[in-house]
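**Q** Here you go, one structure.
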Amino acid sequence: MLILGIESAGAQVGCAVGGHEGVLASAHAGRGRRHAEALAPQIDFVRRQAGIELSEVGAVAVDVGPGLFTGLRVGIATAVALAQGLGVPMIPVPSLDLMAFPARWTTRLIVPALDARRGELFTALFRRVPGGIQRVRDANVCTPDELSAELEALDEPTLLLGDGVLRHADVFASLRGIEMAEQGLANPSARALVQLAHARAMREEFVQPWELEPIYLRQPDAQINWSTRAGGA
């Protein structure tokens, strides 16, 4: 089964195509273009690079968050529209799983931290298990200081990764046993999305487009700002 993966939870937007042969093609774009403008050309580029037609896709995988609200909405809406148009099921995968999966080689506690803006992070805790990773603490939204206190209390060798870590590196620099990953692991990966989605497809862990549920963790910034202004008034 060929899987088209769409990832848009963070500062980058990406897509990939793959299946039992692995990832056939992938593409990511940074901050230079808006997610809505970048995604459709990316999908066509990846399709052509993989040498397939969209009609050959058997499932659409999508990053369901947590993440930045607008980008997440763009990716999910595009993925749902494609799945409905192609008549295929969907495979939802959380963004923090996508960040942790490429670090499955480490024996350390894996802690992805996605920049949530407004001085906050989306985080979860993972450990390596045979064949991949396992979440040991569910996703939450917290401040860098709160995450630092949590890791200090755990007091074990830890790999921190993500753009949130890079942005607030000074908060974690003095913690004992902490290793901070480089820029290459800063964002959720569309390649990891296809890899994780393929494993779930083998277990037939599909949902229908109308069953897809995003993971937001908090209200969008625009709604928060409006509520704050209304409260002040």
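Every read-out reported here was derived from the displayed coordinates using simple, explicitly stated rules and does not represent laboratory data. Here the structure is a predicted model, which is why all the values come from computation and not from measurement. Ideal geometry is used to build each Cβ from the backbone, glycine not excepted, and the neighbour counts take in all protein chains shown.
**Q** If you count, for each residue, the other Cβ atoms within 10 Å and average over each peptide, how do 51-58, 72-79, 187-194, 39-46 line up from highest to lowest?
**A** Answer by packing, highest mean first, reads 187-194, 72-79, 39-46, 51-58.
**Q** Short version: ³J(HN,Hα) in whole Hz for each residue of the stretch 45-62, in order, from phi by Karplus 6.51 cos²θ - 1.76 cosθ + 1.60 (θ = phi - 60°), x for Gly and Pro, what are they?
**A** 4, 5, 4, 5, 5, 7, x, 10, 9, 4, 5, 7, 5, x, 6, 10, 9, 8
**Q** For residue 203 paired with residue 149, estimate the spin-label separation in nm (one decimal), with each label point 7 Å from Cα along the Cα-to-Cβ line.
**A** Output for this residue pair reads 3.4 nm.
**Q** Could I ask something else about it? If you keep only loop residues by DSSP, which trypsin sites (Lys or Arg not before Pro) in the stretch 1-67 have at most 14 other Cβ atoms within 10 Å of their Cβ?
**A** Counting only loop positions with at most 14 other Cβ atoms within 10 Å, the trypsin sites (Lys or Arg not before Pro) in the stretch 1-67 are 31, 33, 34.
**Q** Still on this model: Tabulate in residue order the Karplus-calculated ³J(HN,Hα) for the stretch 123-136, using 6.51 cos²θ - 1.76 cosθ + 1.60 with θ = phi - 60°, rounded to whole Hz; enter x for Gly and Pro.
**A** 9, 7, 10, 9, 10, 6, 9, x, x, x, 10, 9, 6, 10
**Q** Whole-Hz Karplus ³J(HN,Hα) for the stretch 183-200, in order, using 6.51 cos²θ - 1.76 cosθ + 1.60 and θ = phi - 60°, x for Gly and Pro?
**A** Coupling constants for the stretch 183-200: 4, x, 10, 7, 10, x, 10, 5, 5, 4, 4, 5, 5, 5, 5, 5, 4, 6 Hz.
**Q** Using helices alone, what [θ] at 222 nm do you get for the chain, with -39,500 (n - 2.57) per DSSP H run of 4 or more residues, divided over all residues and rounded to the nearest 500?
**A** The per-residue figure over the chain is -11000 deg cm²/dmol.
**Q** Sorted by mean Cβ packing within 10 Å, highest first, what order do the peptides 170-180, 19-29 take?
**A** 19-29, 170-180
**Q** Could I ask something else about it? Counting Lys and Arg as +1 and Asp and Glu as -1, what is the net charge of the other residues whose Cβ lies under 10 Å from the Cβ of residue 166?
**A** Net of charged neighbours comes to -2.
**Q** Once each part is reduced to its C-alpha centroid, what is the distance from the stretch 27-99 to the stretch 102-176 in angstrom?
**A** Centre-to-centre (Cα) distance: 25 Å.
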